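Peer 1: Supplied in structure tokens, the structure appears directly below.
The values are calculated or read from the model by the stated rules, or taken from the named source; none is laboratory data. All figures in this text were calculated on a predicted structure; none of them were measured in a lab. Methodologically, a virtual Cβ is constructed for each residue, glycine included, from the backbone with ideal geometry; neighbour enumeration extends over all protein chains shown. What goes into the accessible areas is simple: the full protein's heavy atoms, side chains included, and nothing from ligands, DNA or RNA. Shrake-Rupley method; radii C 1.70, N 1.55, O 1.52, S 1.80 Å.
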Amino acid sequence: MTWPEAPPQAGTDLRSRYTAGDLHAFTPEEASRFVPRGDGDPQSDETLAWELLYRLEPDLYDRLASAELLHPGVVAWLPQDVDRIAEVGAGTGRLTLELIARAREVVAVEPALPLRRILRRKLAAEDHGERARVTHGFFDQLPLPDDFADVVVACSAFTPATERGGEGGLAEMERICRPGGCVAIIWPNHLEWLAARGYQYVSFPGAMSVEFGSYLEAVELAGIFYSGSVEKVRRLGKRSVPFELLDINPPRDLAFKVLAG
Ligand SMILES: C[S@@+](CC[C@H](N)C(=O)[O-])C[C@H]1O[C@@H](n2cnc3c(N)ncnc32)[C@H](O)[C@@H]1O
């Protein structure tokens, strides 16, 4: 077998990347949410490892999110030409950058300071005429008034777990959405939970791949984020890797609810 380039060594996978000694990266407020008893272990708690990634290696996270592009149908589905959109858990702006053309005002809420910095830098490079702003906040305590937005959205961020949204977070998203407005959870992972709360489901068809910057990056990032599939990525020998080869659902779907008007 010949490789397009010498096969690189894979990086340390996310689960082994951080230790309990890294928990100091959390602010006291973050620690009270993500490690309430103070004794979390990112080597056994993968969601904790993700939270440390956002704070310790935000550029590494941004490289991954930039490769996992959303299905164009998802973005096209979102209402456009509205007054205000609020996004919660905006990260480094995979969705936010798509929203600025759709509303006169966009507010991106993101708890992790290092991700907010990257998002602000990206927005500063866009010509959006001060329409977008980035602010600190959590799902269950959104820093926005009642009925604020026409559309409230979260992408790859909301889950039914209390620390990542839960009942309180969904209620907050609905609180800041105006009557007749729409709350949308993009790339949802608990469909029955959302359906039980009145959310409808939409999915867009077609083949989807993770578009890494190069074959070398595909092997490097697969070694960190999809370590069970890294040998398949090596054998594929390409920078564009089908989602199914990585054993993950592609970001082709959303759950939404139009609030009573
Ligand atoms: C997988 S990232 C997705 C980021 C971005 N929406 C995207 O699609 O690229 C998950 C995001 O949720 C944020 N997050 C985690 N817990 C949160 C909470 N309780 N409230 C709001 N955001 C939260 C993280 O800081 C992170 O930015």
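Peer 1: Pick out which of GLY21, GLY168, GLY198 has the largest mean-square fluctuation in a Gaussian network model of the chain, springs linking Cα atoms closer than 10 Å.
Peer 2: Among GLY21, GLY168, GLY198, the largest GNM mean-square fluctuation belongs to GLY21.
Peer 1: SER209's amide H: which non-local residues (gap 5+, or another chain) put their own amide H closer than 5 Å, with H modeled 1.01 Å from N in plane and none for Pro or chain starts?
Peer 2: For SER209, whose amide H was placed from the backbone, the distant partners under 5 Å are PHE243.
Peer 1: With an 8 Å Cα cut-off and a minimum separation of 6 or more residues, compute the relative contact order for the chain in percent.
Peer 2: On the way: 475 pairs, mean separation 54.6, N = 261.
Relative contact order comes out at 21 percent.
Peer 1: Per DSSP H run of at least 4 residues, take -39500 (n - 2.57); add these up for the chain, divide by its residues and hand me the 222 nm value, nearest 500 deg cm²/dmol.
Peer 2: Details: 11 runs with 87 residues, N = 261.
The helix-only estimate for the chain comes to -9000 deg cm²/dmol at 222 nm.
Peer 1: What is the ratio of the Cα radius of gyration of segment 59-128 to 2.2 N^0.38 Å, with N the residue count, to two decimals?
Peer 2: Numbers: Rg = 11.9 Å, N = 70, 2.2 N^0.38 = 11.1 Å.
Dividing the Cα radius of gyration by 2.2 N^0.38 Å gives 1.07.
Peer 1: Can you tell me, using C-alpha contacts under 8 Å and at least 6 residues apart, the relative contact order of segment 46-153 as a whole percent?
Peer 2: Details: 150 pairs, mean separation 31.3, N = 108.
Worked out over segment 46-153, it gives 29 percent.
Peer 1: Which percent of the accessible heavy-atom area of the chain goes to carbon and sulfur, probe 1.4 angstrom? Present the calculation step by step, with values, prior to reporting the outcome.
Peer 2: Details: 5950 of 11970 Å².
Roughly 50 percent of what the probe reaches on the chain is carbon or sulfur.
Peer 1: Here's a follow-up. Go ahead and set up a Gaussian network model of the chain, Cα springs under 10 Å, then flag whichever of PRO42, PRO160, PRO72 fluctuates most.
Peer 2: The residue that fluctuates most here is PRO72.
Peer 1: While we're here: Expected output is a single nm value to one decimal: the length gained when fully extending between HIS24 and ASP59, i.e. 0.36 nm times separation in residues minus the C-alpha distance. What is it? Please report the intermediate quantities before stating the final value.
Peer 2: On the way: separation 35, 0.36 × 35 = 12.60 nm, distance 1.90 nm.
Stretched fully, the HIS24-ASP59 segment lengthens by 10.7 nm.
Peer 1: At a 10 angstrom cut-off on C-beta neighbours, averaged per residue, how do the peptides 83-93, 176-186 rank from highest to lowest? Could you put the intermediate results ahead of the total?
Peer 2: Details: 83-93: 25.3, 176-186: 21.4.
The most tightly packed comes first, giving 83-93, 176-186.
Peer 1: Can you list, largest first and rounded to whole Å, the semi-axes you get for the chain by taking the square root of 5 times each eigenvalue of its Cα gyration tensor? Working shown, then result.
Peer 2: On the way: eigenvalues 185, 100, 63 Å².
The answer is 30, 22, 18 Å, longest axis first.
Peer 1: If I take every Cα pair under 8 Å that is 6 or more residues apart in segment 139-181, average their sequence separation and divide by the length, what percent do I get for the relative contact order? All intermediate terms of the calculation are to be shown ahead of the outcome.
Peer 2: Working: 56 pairs, mean separation 24.9, N = 43.
Worked out over segment 139-181, it gives 58 percent.
Peer 1: Oh, and also: Report the extension gain between ASP13 and GLU231 in nm, rounded to one decimal, defined as 0.36 nm multiplied by the number of residues separating them, less their alpha carbon distance.
Peer 2: Working: separation 218, 0.36 × 218 = 78.48 nm, distance 1.34 nm.
Roughly 77.1 nm would be gained on extension.
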